[in-house]
Structure formats: C-alpha cells, structure tokens
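Below is one structure, written out as structure tokens; comments come after it.
The values are calculated or read from the model by the stated rules, or taken from the named source; none is laboratory data. Computed from a predicted model, the values in this text were never measured in an experiment. Here the Cβ positions follow ideal geometry from the backbone for every residue, glycine too, while neighbour counts run over all protein chains shown.
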Amino acid sequence: MSNYHIKQFEEYFQVYRKSVRNPEQFWEEIAEEHFIWKKKWSNVLSYDFSKAEFKWFEDAKLNITENCLDRHLHTKGDKTALLFEPNNPEEEAEHITYRQLHERVCKFANVLKDKGIKKGDVVCIYLPMIPELAISVLACARIGAIHSVIFAGFSSTAVSSRINDCNAKMVITSDGSYRGSKTIDLKGIVDEALKDTPGIESVLVAKRIHSEINMEEGRDFWLEPLLEEAYADCAAEVMDAEDPLFILYTSGSTGKPKGMVHTIGGYMVYTAYTFKNVFQYRDNDVYWCTADIGWITGHSYIVYGPLANGATSVMFEGVPSYPDYGRFWDIVEKHKVTQFYTAPTAIRALAKQGAEFVEKYDLSSLKVLGSVGEPINEEAWHWYDENVGKKKSPIVDTWWQTETGGIMITPIPFSTPTKPTYATLPFIGIQPALMDENGEEIKGNQVEGRLCIKFPWPAMARTIWGNHQRYKDTYFSAYDNKYFTGDGALRDEVGYYRITGRVDDVIIVSGHNLGTAPIEDAINEHPAVSESAIVGFPHDIKGNALYGYVTLKDVGESRNHDNLRMEINQLITDRIGPIAKLDKVQFTEGLPKTRSGKIMRRILRKIAANEIDQLGDTSTLLNPEVVQHIIDNVK
Ligand code: WTA
C-alpha cells in the first residue's frame, strides 16, 4: 500500500491512524520516498509549543525548485506545467511546458542575481495573474531569496507598509493589469508606494498592458530585455529545510498585518502530499484553482503543490464575469479541466446569474470540485453539486489558513462521503481539538467549540516576520500545547467537522480576511470622524459585508452624510484597497462600551444582522442608552 496516494475510505483511516501514532516515522517515509534532497535530515521533528518553535527535517538540504521543475525534465519535459488563460478570451492561451518553465525560471533567477539579490534577501512581488508571477516566485526560491507576494488589489499604502515591514530590497511589478474590461495602473501604485520605502534598490517591470508609464532611471528596469540576455542555466542554491521560503501577509484582529513565514522543507512535503490526495490528481489531468497567487491558496495550490507533483496547473488572469458569467465554464470546456477549485463567494455570484450560463458548456471533463476560503452555505453547495458537478463530482470543502500552509480538514474525493457545509475529516497527520471557554478540550461527538490543532504538521507557519512574540501570543497562548486557529467549529455525530466561522475580529468578505482595526484606523483619519467600529453582517454573495458605525466629532455635523460616506470609503480604498469598502455606514451619537471602555462589538453585530431581539443584557454597559439610539436610526 502506498501511503502517498489514498484511494479508499478504509485506506484513509489506516493511513490516518499511522500518521498520528507515529508522526515522525510517517512524515519521514513520505519525505524520503517522494522528494529529492541534497542531504537528509538529522531529526524529523523537534518542537516546543511553549516557545512556539517547530522544526521539521532539521539539517536537511534541498531546493524546492528542483522538486518542482528539474526532476520532471526527464519524464515530463514536454508536459504543460502552467497553462495560462488570459483575461481576454480572444487572446491565445499559453502552454508552458516543464522544460520551458525551468528555462524561464533560471533566466529570471539570473536577472535577480545580476540586480544584486542574494540568498536571504526579500523580494516583493506585485503582479497580476500572468506567467511572470509564478516564474518570479520560483526564481526567488531558486536562488534562496524570500518572496513576499502582495495581492495586486492592495493600495499603495498597504504595499509600502508591507515592503517596509519585511525590509524588501526589490519589487517586481508590471506596467499594469487587465481585469475584465478594465485596466489597472499597477506601476503607478508602486511608484506611489516607493516614495516611502528607503530599502528598495530596484524595480523590475514586466510589460503586460503596454501603457505609458514612468520609469525611474537607475531604479526601474524593463524585465524583457534583461531576460533576453540572461543565461538559461542557474544552479539551484543549496537551502536548509528550515530556511524561509516566503512571507505572506494576513490580517489579524488587531494591529498591522502579520507577515507569516513559511519554511522550505515541511511546506514542500505537505503541500505536495495534500495536493495529490485532496484533488486525486492523475497524470493527464488539467487542474485549475481560480485563486490569485497573491493569496496562500495560489502559493500552495497553483504553484508549489501542483508543480511538485508534475501536474498541469491553470493560471487565469481574468474574472468570472468577463466577457460574461459563463467564462469559468468556457475555460473548463476549452481546456478540459478535471479538477476545479474555487471560493464560495464566486459560486454564489455565479448561481445568482442562473443556470443558463453553465448549461451552454460541456463540463463532462470535471472529476473533482473544490471549495475554500470561507464556509460554503447549503444553497451554494447544492448549486455547485447539481449545476457544475452534475451530481457526479465530489465536492471537497477544504478548510485551512495562510498560517497552516496547506489543507487541514477536507474530504478525500471518492473516499470520504461528503456532507453539505461540512469540511468533514482531518487530513492525514492533522489532530484537531475543540476547546471550551475554560481551556478544556471537549471530547466526544455532537459538540461545538473553538478549533485548535494539538500536534505540529509540516507546513505550519514558523513565525511572524520580525515579531516572534506576536506569533506566540496569537496562536499558542490561548491554549497550552495547541495551535489556536481563530475559528469555531462543530463536530457532528460521526465526527465530521463543520467550520462555523471566525471567533475573533477577523471578518471574511468574499473570501478575503479583513481585520477590523486597520479599517477603523483608516476611517478615523477622516477629519470629521471621532470614532468608528466595524462589524460583519450576512451578505448573499460576499458571505459577509462590512457595516461601519461612525461617530462624528461635531455631533451636529451639517455636512451631507452621503458625501461623508463616499469620503470614508475613499479613505479605506486608499489605505487598504477596494476589497475593504463598507456596504453600510451608520452615523451614530456614540458606540456601546463596556465599563472598561471597550467597544461591545457583539451588540453592534446583532444590530447589523437585524437580530435586535437577541441583544442580551445591555444594562451593564457604560452607556446603555446609545443602543436604542442606534437601533432607532438604522436605515
Ligand atoms: C476561513 C485561506 C470554512 C476560516 C485558505 C479560516 C474556511 C480563514 C474554509 C483562513 C472552509 C477557509 N470552510 N471556513 N472550507 N477555508 N476558511 O488565511 O475562517 O485566507 O480561518 O486562508 O478562512 O483564510 P486564509
């Protein structure tokens, strides 16, 4: 029996038991048999929850790009590695074979070296979903530079704060990007960001939309001429398994975004192993994940996991609604996609448009459907199952996080019986626990609690860049000897898990994690604003939308409230990006506070969700009268 590829439910249980009985032995076998290492580890795992220290495959040497590229050259050199589908359906798709990808990564790596990038340097990548994005990520990994991809929808302020936080030396961007019928001036955003980033020495610019842009002499370089001159050979840097591979920022409930650090060896083993099993990838399959590489889903399941398995991975530049709502299905038909992995928010948006956009296309190639990023509601699950999967393709509802690196709770298709809205069972090696408010583990089934993981797994983030204390405090201080996820979950009568949502102040809007604090900070910058509080409320398509309660400095503020709303949303767009805009803004005389002065978001959430009969006891508030005032003024 191969532990690497699980094909039956019985086998899942057997392998799972093995993986938790003796995790070190289990992961050692997977690592040894399915990857290439330049030197083996001296120790499979060492860890200390109290210090938040975790090491996998200590002292091992490798380069992840040799596992993702070089080793496939003999057997799969002419197989498509990346299949690039452009924004405009009239533009031809590009099939990049393993051999071509290897060459392009090597050339790019040589350009990075020429520009002074060395092992351990940080490179920020701010690119649209074009091949250069995947190639630049791999080029960094080739030479041991640490990549930090910033989703190309973030504003210049968000870009500069990330660049400064991780001390990046270089930015890789493009002249602009296509998004449906629009173009976005990415280079303009980078120029704005770089006014405030002393550490940046150079900027590489890919040409995509052929717009007129500003190029700063001595700092900015067009990528193409440099690539043309670069050598097509570049030896892979010898890396330690525990060297950082990348930094990826995610929102926290307070403070600035957290630069989650993932290291090479464990991340590679776990993303490859999960990819193989969760998508049941077979040799001639065409796998498509619709996420952006700017998020963890794209890192793990467009780039590293698929390429480590020699898979064909589709990269789509555009949006599901352009030129019409049939675009996803058009692409599935055109490239005979076999595995399709998307987010509930996209499913809900497409379901709203009606089935005719799906029915036009031949989706018979599909074998497995995936969902990620937020809880999938029952209606969306059934729509996906009936209209896209024709009730033949299992849906894998995969729960995981930027911090976990790879998929943690998920069905294994064709093995685990699925159940709508349930992520079902822990993946191999993953030991979940539900905790109560007193810090006790809740045993047994048909229970609900806070979701923790009680044993290390190879792809877990190792730290927050530059702030290990925050890493320890956020994830390892709530419960002893456990990683706390920030999510709530229930376990049903057979032990299946259903994720019920965040239990902290992170709000997931259209699958994007947003912290309330940075949004409130942006609003509070408005000269007329005194204070603000953001909560989420249910939204048909986005899952959650943002509701802002704002108090003004001058209570009798005579300015037009609609204008103020627009100005507030503009500030949020400038500081964070359009994804964080508020759907509703209510101006109020005050915010409900505890006697210690903390805003009672629980009450504001109930009002926003129109559940005012469930406010609970408000009499202990510092200012209970404000609650009725807010309710009376809901529009
Ligand atoms: C939520 C995305 C329910 C969850 C990979 C988690 C989910 C956060 C699911 C992480 C799912 C992700 N069901 N909720 N299948 N997948 N989430 O870091 O709240 O962008 O904590 O990673 O998304 O989001 P992140």
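Here are the numbers for the structure shown:
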{"read-out": "Strands (runs of 3 or more DSSP E) contained in region 212-319 and holding at least 3 residues touching a strand residue (DSSP E or B) at 6+ places or on another chain (Cβ under 9 Å) and closer than 21 Å to Lys367 by Cα", "value": "286-289, 312-316"}
{"read-out": "Selection from region 312-328 of residues that are without any contact (Cβ under 8 Å) to a residue 40 or more places away in the chain and of a type outside the set (Asp, Glu)", "value": "Pro320, Tyr325, Gly326, Phe328"}
{"read-out": "Every residue from region 587-607 that is crowded, with 17+ Cβ neighbours inside 10 Å, over 12 Å from Val626 (Cβ atoms) and more than 27 Å from the chain's Cα centre (by Cα)", "value": "Phe587, Lys606"}
{"read-out": "Among the residues listed as Glu441, Glu448, the single one being within 30 Å of Glu58 (Cβ to Cβ), surrounded by fewer than 19 Cβ atoms within 10 Å (Cβ to Cβ) and over 20 Å from the mean Cα position of the chain (by Cα)", "value": "Glu441"}
{"read-out": "Test set (1) near the ligand (Cβ under 9 Å from one of its atoms); (2) of a type outside the set (D, E, K, R); (3) assigned to a helix (DSSP H, G or I) - Pro375 fails condition number", "value": "(3)"}
{"read-out": "Some residue of region 353-370 being under 23 Å from Asp487 (Cα atoms), at pLDDT 95 or above, surrounded by 23 or more Cβ atoms within 10 Å (Cβ to Cβ) and within 11 Å of the ligand (Cβ to nearest atom)", "value": "yes"}
{"read-out": "Output for region 108-135, where each listed residue is without any contact (Cβ under 8 Å) to a residue 40 or more places away in the chain and touching a helix residue (DSSP H, G or I) at 6+ places or on another chain (Cβ under 6 Å)", "value": "Ile135"}
{"read-out": "Residue pairs meeting the criteria (Cβ under 6 Å; at least 6 apart or on separate chains; first farther than 17 Å from Arg601 by Cα and within 16 Å of the ligand (Cβ to nearest atom), in region 509-527; second polar (S, T, N, Q) and in a loop (DSSP other than H, G, I, E, B))", "value": "Asn513/Ser251"}
{"read-out": "Any hit, region 447-470, residues being assigned to a loop (DSSP other than H, G, I, E, B), touching an Asp or Glu at 6+ places or on another chain (Cβ under 6 Å) and not basic (Lys, Arg)", "value": "yes"}
{"read-out": "Given (1) within 16 Å of the ligand (Cβ to nearest atom); (2) under 24 Å from Ala580 (Cα atoms); (3) charged (D, E, K, R); (4) surrounded by fewer than 17 Cβ atoms within 10 Å (Cβ to Cβ), number of the condition Lys542 does not satisfy", "value": "(4)"}
{"read-out": "Criterion: within 12 Å of the ligand (Cβ to nearest atom) and outside any loop (DSSP other than H, G, I, E, B) - qualifying residue of Gly536, Gly548", "value": "Gly536"}
{"read-out": "Residue count, region 518-538 (criterion: under 23 Å from the mean Cα position of the chain (by Cα) and either β-branched (Val, Ile, Thr) or surrounded by fewer than 16 Cβ atoms within 10 Å (Cβ to Cβ) (or both))", "value": "4"}
{"read-out": "Candidate set from region 475-508 (those that are among the β-branched types (Val, Ile, Thr) and over 18 Å from the mean Cα position of the chain (by Cα)); member that is farthest from the ligand (Cβ to nearest atom)", "value": "Val494"}
{"read-out": "Output for region 320-346, where each listed residue is in contact with a strand residue (DSSP E or B) (Cβ under 7 Å, 6 or more places away or on another chain), among the aliphatic types (A, V, I, L, M) and part of a helix (DSSP H, G or I)", "value": "Ile331, Val332"}
{"read-out": "Of residues in region 374-389 being in contact with a Leu (Cβ under 7 Å, 6 or more places away or on another chain) and of a type outside the set (Val, Ile, Thr), the one surrounded by the fewest Cβ atoms within 10 Å (Cβ to Cβ)", "value": "Gly389"}
{"read-out": "Some residue of region 420-432 being more than 13 Å from the ligand (Cβ to nearest atom), touching a strand residue (DSSP E or B) at 6+ places or on another chain (Cβ under 6 Å), farther than 24 Å from Arg21 by Cβ and not hydrophobic (A, V, I, L, M, F, W, C)", "value": "no"}
{"read-out": "Condition met for Asn569 (free of Cβ contacts under 8 Å to residues at least 24 places away in the same chain, within 28 Å of the chain's Cα centre (by Cα) and within 25 Å of Ala152 (Cα to Cα))", "value": "yes"}
{"read-out": "Subset tally (residues that are surrounded by fewer than 24 Cβ atoms within 10 Å (Cβ to Cβ), closer than 30 Å to Gly180 by Cα and in contact with a Leu (Cβ under 8 Å, 6 or more places away or on another chain)) for region 108-131", "value": "1"}
